[in-house]
Amino acid sequence: IEAFSLMNILNERSTTRELSFKTQDSTYETVKVKLKVSDRGYLFGLLDCIGELKRVVLDSQNRHDSDSAKKMFELMHDLFKKLEVFTEYSNSISKLKLKIDIARHAVNDTSKLIQK
């Protein structure tokens, strides 16, 4: 889910369970299929994607592409805001609070980097 979500975001698509990709001769070919995962797996994958988006922001900054870095940060922040509401289920989903806290730290850390 983390990889599928990141590919969707980088290709300017929504985060959905319906994108797959395969490599062929060092190029990416998009193939539409359904990916079946549990709700917990989907939620945790999206939370992990926030950390990957932090890496994308850092890579953009290293390439001196501040516009892309800011755009990716906005997407990262928006994704986190949508996922943060699941905190209310942290008593019933094991390790959910920890995952949300890690994602929150990534967003806050990235925010400080963007503002420099």
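Here is how the numbers come out for the structure above:
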| item | result |
| --- | --- |
| Order of exposure, largest accessible area first, which applies to Met72, Met7 with probe 1.4 Å | Met7, Met72 |
| Distance in nm between pseudo-label sites at Asn11 and Ser66 (7 Å out along the Cβ direction from Cα) | 3.2 |
| Given Lys71/Lys112; Lys36/Lys81; Lys81/Lys112; Lys81/Lys116, the pairs whose alpha carbons are separated by over 20 Å | Lys36/Lys81; Lys81/Lys116 |
| Separation of the Gln115 and Lys82 label points, Cα + 7 Å toward Cβ, nm | 2.5 |
| Cα centre as origin, Lys/Arg/Asp/Glu Cβ charges: the stretch 45-116 dipole, Debye | 140 |
| With DNA, RNA and ligands ignored, accessible area of Leu75 (1.4 Å probe; Å², nearest 10) | 70 |
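The values are calculated or read from the model by the stated rules, or taken from the named source; none is laboratory data. From a predicted model like this one, the values you see are computed outputs, not experimental measurements. All Cβ positions, glycine included, derive from the backbone under ideal geometry; neighbour counts span all protein chains shown. What goes into the accessible areas is simple: the full protein's heavy atoms, side chains included, and nothing from ligands, DNA or RNA. Shrake-Rupley method; radii C 1.70, N 1.55, O 1.52, S 1.80 Å.
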